[in-house]
Every structure is written in C-alpha cells, then in structure tokens.
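A.B. asks: The structure under discussion is supplied below as structure tokens; questions concerning it will follow.
The values are calculated or read from the model by the stated rules, or taken from the named source; none is laboratory data. Bear in mind that the values here come from a model prediction, so they are computed numbers and not experimental data. Here the Cβ is made from the backbone with ideal geometry for all residues, glycine too, and neighbour counts use every protein chain on show. Calculation scope for accessible area: heavy atoms of the full protein, side chains included, ligands and nucleic acids excluded. Shrake-Rupley method; radii C 1.70, N 1.55, O 1.52, S 1.80 Å.
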Amino acid sequence: MLKYFKILLVLISLSSLTSAQTFGFGCLGFVGGYGGFVYQSYDAAGLNDYIRFSNQLENTVDPVDEFSSATGYRVGLNFFRATFENGIILTAKGFYQYLSKKNKGTVGVGVNDDNYSMDLTFKNWSIGFDVGWQFTHVVSWKILDGSLNFNNVTLTQTTDLPGETIVNKYKSDSGVIGYSIGTGIIVSVIKDYLSFEGLAGYTFLEIEDLTNDQGIQFFGDVVLPAIYPNISSNKIIDSGGFSAVIQLNVGFPLL
C-alpha cells in the first residue's frame, strides 16, 4: 500500500508545480462530505465450514446460509479535493463504513422449532487518497483510489428457544488493518459542488479468530475440535474480495 501513496504524493507535487488552480473562489480546493451504498465480498472458509457441519449435525429444518458478502453504507469527509488546469483531480479523505450480513435458520428440537441466526458485521474507519482525471466538464475518471482501513468485526449468534433467547457475541481485535484499491467514474451534476461517484476495486481483509467477553475464542472452544474436525481454516475471514461503492459527493470551497 505504501507504494501507492508514494505515487500519489509525486502526482500531487507535479500537478501543483505545473498546473496550479486559478486564484479566486475555491482556489485552495474544496472540502465536503459524501455518503452511499457499499457492497463487499470476502472468503470466510473456516466460518462456512462451521456452518456446514452445524447444519448437518443439528436437526436443521431450514439450513443457515454460508457467508460470502455484505452490504451497508459509507459516510465520510473529503478533507481536500482540487481540480487543476490539466484536469488532474486530487483528493484526501476519511470515512466510516458499516456492513452487515444476517443469515437465519430453523433448528427442530422435539416438537418445537428454534429460530437461529448468525449476524456478521464489519465496522471500519479509513483514511485515503485518490487521483483522477477530468476529461469532460461532466465526467471524470478516478484513476486510482486507495485507502487504509481499520476494521472491527463482530459475529452474533442468536437462538430463540421457547421462553428464552440465547445470544453469543464474538469480536475481533480492535482496528485490524486492511486496505482497498480501486478505480471509478465521477459524474458532475454541479461542478465541484455536487456529483455522483461509482467505484469498483479490491479490498484486502483478514480476520483471525473472534473472542467473547469471557475470553473464549470462537474456534478456540475446546468442544469445537471434537465436533468439527474438518474445519479448513482457523480464521473467520481468510481474505477480502471485490468491492463496489455508489455515493453522492457534496463540496464546499475553502476560499
């Protein structure tokens, strides 16, 4: 990831020297906010093995689906966004992102059916830079978008028994580091002030075992190895995958 930031810094320096903005209203660039919809895929091999074995071992009426993706929202701030005379667009930004996926199943116990669910949530704070090129007054190409992500993941298991609800919650270490790289298109509605943005790319994400409030790890429970002998991975998330964002940007001039 470091090499991408070095490339961006070089581009910032060259653009500032050769194509500085015209002085006047907004000459120092624009600050603004944005928000939108996010899709994220990932590989959860170990967790999905656990789910498959659970579906087989339990008297499952409606099996729990495996995990492969999550959706949610992103809200953030463009600390600085400037368009230079040669069409280069530079942005420094930060954002908060929330993604979740909840899979439900039904486990039969005698004459009763117990509703069971697993809820996997991703919360992260991120900082990043992007460089783009405005090739028309309306459409711009975001050549490279990069961010450093600080992830927090929670897995919540809920079983609704007759007259009782059992909730088990497991969390990752705080601020597990990952990164995202991508490219996209910006469509301007009101130049520099209002635009729509679409972004597609790859997100690196790797989450080790999760731990509950008693310090017990999800895959570290002494019962699990005996019951689930063929779990292929001891990680909750082995890797990230394709990601996509659709968002609305609103800008305000710095001067």
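A.B. asks: Counting residues that are over 30 Å from SER54 (Cα atoms) and out of contact with any helix residue (DSSP H, G or I) (no Cβ under 7 Å at 6 or more places or on another chain), which strands (runs of 3 or more DSSP E) fully inside the range 73-180 reach at least 2?
C.D. replies: Result: 88-109, 112-134, 139-161.
A.B. asks: Given (1) open to solvent by less than 30 Å² (accessible area, probe 1.4 Å); (2) closer than 20 Å to ASN124 by Cβ; (3) outside any loop (DSSP other than H, G, I, E, B), where does ALA200 come up short, assuming only one miss?
C.D. replies: Result: ALA200 passes all but (1).
A.B. asks: Another question, then. The conditions are (1) touching a Pro at 6+ places or on another chain (Cβ under 9 Å); (2) part of a strand (DSSP E or B), and ASP192 fails exactly one of them. Which is it?
C.D. replies: (2)
A.B. asks: Given the condition open to solvent by less than 20 Å² (accessible area, probe 1.4 Å), in a strand (DSSP E or B) and either touching a Gly at 6+ places or on another chain (Cβ under 9 Å) or at pLDDT 85 or above (or both), answer yes or no: does some residue in the range 37-52 qualify?
C.D. replies: So far as the range 37-52 goes, yes, one or more of its residues are open to solvent by less than 20 Å² (accessible area, probe 1.4 Å), in a strand (DSSP E or B) and either touching a Gly at 6+ places or on another chain (Cβ under 9 Å) or at pLDDT 85 or above (or both).
A.B. asks: Determine, yes or no, whether ASN115 is without any contact (Cβ under 8 Å) to a residue 60 or more places away in the chain, open to solvent by 50 Å² or more (accessible area, probe 1.4 Å) and not aliphatic (A, V, I, L, M).
C.D. replies: yes
A.B. asks: Looking at (1) farther than 23 Å from GLN97 by Cβ; (2) under 25 Å from the mean Cα position of the chain (by Cα), which is the one condition that is false for TYR193?
C.D. replies: Going through (1) farther than 23 Å from GLN97 by Cβ; (2) under 25 Å from the mean Cα position of the chain (by Cα) one by one, TYR193 breaks only (2).
A.B. asks: Would you check which residues across the range 71-88 are within 15 Å of PRO253 (Cβ to Cβ) and β-branched (Val, Ile, Thr) and list them?
C.D. replies: Within the range 71-88, THR83 is the sole residue that qualifies.
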